[in-house]
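A.B. asks: Structure below; questions to follow.
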């Protein structure tokens, strides 16, 4: 009878062990933190196996272990329930985030379309200057840049926009007036040839010359009705070349004004 009772108690315990193992596996799918509990459970099994070798104290130790396992099982069940709730909440949050991403993507696509529309209008309005190689217009990833050689806007060594240059800039005004979601940045660039002679009293370096040219173009665009809050002027002197300064042609390309549509701050 004593042996039979032990077998029944051992069978009951093994069922508890199987229940604890099953709960541990389910918890593992929800969160890796179950590892600590599994290690504790394994330690309890090891201790139980040692205790079963000693029949005199088997009953008391098994009762103790069963109590511990029940407590662990309850803890695991509670953790699983909490993790299920967290997973459900995360799924809801992810669904909302996916909706927001979709909306942002749509908004981005609309902005790209707007920039592309501006690009097409500028191409149409300035096709003569583009054909003559005086102006290039590029669009890359929603960023639009109008590159104009300085010679069509300014006389050599001058920063005031000449009449021919004003007429060219005027072709862009109506299109740029409709730009509201982008900032319009006017950049002044020069070649590497340094200013000498009497001109140094006005423009000590290429910094001053590139800045004055960019500012004068910016002021003209403002005078034509473009919102000054959308305008900014920047000077780069000779430090952002687009061509080889060792050739006459390359230096001509580096002397330029760039009008760029950039993201607002």
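The values are calculated or read from the model by the stated rules, or taken from the named source; none is laboratory data. This is a predicted model, so every value here is computed, not measured. Note that each Cβ is placed from the backbone with ideal geometry, even for glycine, and that neighbours are counted across all protein chains shown.
A.B. asks: Right, residue 157: closer than 26 Å to residue 201 by Cβ and not in a helix (DSSP H, G or I) or not? Show your work before the answer.
C.D. replies: Numbers: closer than 26 Å to residue 201 by Cβ: yes; not in a helix (DSSP H, G or I): yes.
Answer is yes for this residue.
A.B. asks: Here is a follow-up. Tell me the residue from 62, 45 that is surrounded by 14 or more Cβ atoms within 10 Å (Cβ to Cβ), touching a helix residue (DSSP H, G or I) at 6+ places or on another chain (Cβ under 7 Å) and modelled with pLDDT of 75 or more, please.
C.D. replies: Working: 62 fails: modelled with pLDDT of 75 or more.
On inspection, the qualifying residue turns out to be 45.
A.B. asks: Just give me the residues in the stretch 9-36 being free of Cβ contacts under 8 Å to residues at least 40 places away in the same chain, under 17 Å from residue 75 (Cα atoms) and part of a helix (DSSP H, G or I), in sequence order.
C.D. replies: 18, 21, 22, 25, 28, 29, 35, 36
A.B. asks: OK, next. Could you count how many residues in the stretch 225-265 are under 22 Å from residue 180 (Cβ atoms), touching a helix residue (DSSP H, G or I) at 6+ places or on another chain (Cβ under 6 Å) and free of Cβ contacts under 8 Å to residues at least 40 places away in the same chain?
C.D. replies: So the answer is 1.
A.B. asks: Could you tell me whether residue 245 is more than 30 Å from the chain's Cα centre (by Cα) and assigned to a helix (DSSP H, G or I)?
C.D. replies: no
A.B. asks: Of the residues 245, 230, which single one is modelled with pLDDT under 95 and in the same structural domain as residue 130 (by TED's automatic domain parsing)?
C.D. replies: The match here is 230.
A.B. asks: Restricting attention to the stretch 160-181, and to residues there that are in a loop (DSSP other than H, G, I, E, B) and surrounded by 17 or more Cβ atoms within 10 Å (Cβ to Cβ), which single residue is modelled with the highest pLDDT? I'd like the intermediate steps shown before the answer.
C.D. replies: The initial filter retains those residues of the stretch 160-181 that are in a loop (DSSP other than H, G, I, E, B), namely 160-162, 178-181.
From what is left, the residues that are surrounded by 17 or more Cβ atoms within 10 Å (Cβ to Cβ) are 161, 179.
Details: 161: 97, 179: 85.
Of everything passing the filter in the stretch 160-181, 161 is modelled with the highest pLDDT.
A.B. asks: Now, a different point. Give the residue that is surrounded by the fewest Cβ atoms within 10 Å (Cβ to Cβ), with candidates limited to residues of the stretch 182-224 that are assigned to a loop (DSSP other than H, G, I, E, B) and touching a helix residue (DSSP H, G or I) at 6+ places or on another chain (Cβ under 6 Å).
C.D. replies: Initially, the stretch 182-224 is screened for residues assigned to a loop (DSSP other than H, G, I, E, B), giving 190-196, 202-205, 224.
After this cut, where a residue has to be touching a helix residue (DSSP H, G or I) at 6+ places or on another chain (Cβ under 6 Å) as well, the list is 190-191, 203, 224.
Numbers: 190: 27, 191: 20, 203: 19, 224: 15.
My answer is 224.
A.B. asks: For the stretch 127-175, give me the residue count where each residue is in contact (Cβ under 8 Å) with a residue 60 or more places away in the chain and either in contact with a strand residue (DSSP E or B) (Cβ under 7 Å, 6 or more places away or on another chain) or more than 27 Å from residue 197 (Cβ to Cβ) (or both).
C.D. replies: The initial filter retains those residues of the stretch 127-175 that are in contact (Cβ under 8 Å) with a residue 60 or more places away in the chain, namely 143-151, 153, 172.
Okay, now just the ones that are also either in contact with a strand residue (DSSP E or B) (Cβ under 7 Å, 6 or more places away or on another chain) or more than 27 Å from residue 197 (Cβ to Cβ) (or both), so 143-150, 153, 172.
Going through the stretch 127-175 one residue at a time, the tally reaches 10.
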